[in-house]
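S.K.: Structure below; questions to follow.
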Amino acid sequence: MELKKIKGNTFYIKGGTNTGVYIFDDNKALIIDPGLAGSRPKRIINMLEEKNIKVNFIINTHEHDDHYGACNQFKEYYNDICILSSDEAKLYIEKPYLFGKYIMGGKYNRFFVDKLKNKSLDEIKVDKIAKEGSLLLNNEEFEIIDLKGHTEGSIGILTKDKVLFTGDLLIGLDMLKKYDFLFLYDIKKEIDSIMKLKEIDFDYLVLGHSKEVISKKDSKFIIEMHLNAIDKYLNKVREDLNVPITLEELLKKIIIDNNLKCNYKEYHFFKSSLVSMISYLADLDEIDYILNDGELLYCTKKK
């Protein structure tokens, strides 16, 4: 484990979920996305303690437990730590059972729980809401940016060093090549948020899941790759809806035609993303539905 300097006071710790660290001049620190609970946060705390760095703040980019799950381990060690998130993310962070209900469309079951990474998630309390705009922490300004799309509560954090932490708005190219059917809640907001990156003044981009920090120049390519991935599956849905089809049959075609591997939990992630795509196309008035003999079928809207 290594504390890697990006620029100025902004660092990160590589992991399954990358963790941002901003070190103030007085050796206090802000953590961005502490990751899952377990041995890794203990090692992060030990490493920072060896450098005489005390964590005073945590900002969670969004409401998925692989980003916020370790909050309480930091809270237990640093009693006066302040945990922040967006207002929408706070709801799911403080009531993690809601995530399973949202994904399943009803009460989740043991098949779903058995596949969760952080099965025994302790109750976490968010102390402060990080609203879009300027955020003052320890007399220094950070910019909070609304990056909804992957989730309803997703935000980005821009440091004064022009390093932007974006959570799961984008994923690394190595992952994108394997998992290009992205886990998305709101397609329109995702596209809008990705496009927003083009207008933000940053030098480096830190993704939640990527092997490397992305330069401003290289971000242009990864942005286009994500937009292409979204378009790929939207066009696939449009094509398959030329004939009325159920949601489950449409999902089956997407999984088989694109050789997507999934377990029980990931199947429901794919289904959730597909529902989001259906909703996006419905909002564009491109599709319609038919109820026939107890089956709900979607189809291209006749003009």
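S.K.: Please state the relative contact order of the range 1-64 as a whole percent: Cα pairs under 8 Å, 6+ residues apart?
M.R.: Rounded, it is 26 percent for the range 1-64.
S.K.: OK, next. Toward the positive end of the charge dipole of the chain, about the Cα centre and with charges on Cβ (Lys, Arg +1; Asp, Glu -1), which of Tyr289, Phe181, Phe57 goes farthest?
M.R.: The residue sitting farthest along the positive end of the dipole is Phe181.
S.K.: Could you size up the charge dipole of the range 186-288 around its Cα centre, putting +1 on the beta carbon of Lys and Arg and -1 on that of Asp and Glu, and report it in debye to the nearest 20?
M.R.: 420 debye
S.K.: Follow-up question, since we're still on this one. At what distance in nm do the modelled label points of Arg238 and Asp257 sit from each other, each positioned 7 Å from its Cα along Cα→Cβ?
M.R.: 1.3 nm
S.K.: Solvent-accessible area of Met1, probe 1.4 Å, all protein chains present, reported in Å² to the nearest ten, please.
M.R.: Surface open to solvent at Met1 totals about 100 Å².
S.K.: Taking N as the number of residues in the chain, what is its alpha-carbon radius of gyration divided by 2.2 N^0.38 Å?
M.R.: For the chain, the normalised Cα radius of gyration comes out at 1.04.
S.K.: Would you check the accessible area of Thr300, probe 1.4 Å, heavy atoms only, in square angstrom rounded to 10?
M.R.: That residue has around 50 Å² of solvent-accessible surface.
S.K.: Averaged per residue, what accessible area in Å² does the chain show with a 1.4 Å probe, protein chains only?
M.R.: Result: 49 Å² per residue.
S.K.: Provide the per-residue ³J(HN,Hα) series for the range 42-56, in order, calculated from phi with Karplus coefficients 6.51, -1.76, 1.60 and θ = phi - 60°, each as a whole number of Hz, with x at glycine and proline positions.
M.R.: 4, 5, 5, 4, 4, 5, 5, 4, 5, 9, 6, 9, 10, 7, 10
S.K.: How big is the dipole moment of the chain about its Cα centre under a simple scheme where the beta carbon of each Lys and Arg is +1, that of each Asp and Glu is -1, and everything else is neutral? Debye, nearest 20, please.
M.R.: Dipole of the chain, to the nearest 20 debye: 720 debye.
S.K.: Related question: What are the residues whose amide H is under 5 Å from the amide H of Ile59, where those residues sit 5 or more places off or on another chain and H is modelled from the backbone?
M.R.: Amide H to amide H, under 5 Å and 5 or more residues apart or across chains, Ile59 pairs with Ile31, Ile32, Asp33, Leu84.
S.K.: Continuing with this model, one more query. Please list, ordered by chain and number, the residues whose modelled amide H lies under 5 Å from the amide H of Ile200; skip anything fewer than 5 residues away on the same chain.
M.R.: The answer is none.
S.K.: List, in the order given, every pair from Lys42/Lys107; Lys14/Lys198; Lys125/Lys252 whose Cα-Cα distance in the structure shown is over 28 Å.
M.R.: Lys42/Lys107; Lys125/Lys252
S.K.: Take every DSSP beta bridge whose two residues both sit in the range 46-145, then give the antiparallel share in percent to the nearest 5.
M.R.: Of the beta bridges lying entirely in the range 46-145, close to 50 percent run antiparallel.
S.K.: By average Cβ neighbour count within 10 Å, what is the ranking of 236-244, 83-91 from highest down?
M.R.: Output ranking for 236-244, 83-91: 83-91, 236-244.
The values are calculated or read from the model by the stated rules, or taken from the named source; none is laboratory data. All of these numbers come straight from a predicted model, not from anything done at the bench. A quick note on method: Cβ atoms are made from the backbone with ideal geometry, for glycine too, and the neighbour counts reach across all protein chains shown. Note: accessible area is taken over every heavy atom of the protein model, side chains too, but ligands, DNA and RNA are not part of it. Shrake-Rupley method; radii C 1.70, N 1.55, O 1.52, S 1.80 Å.
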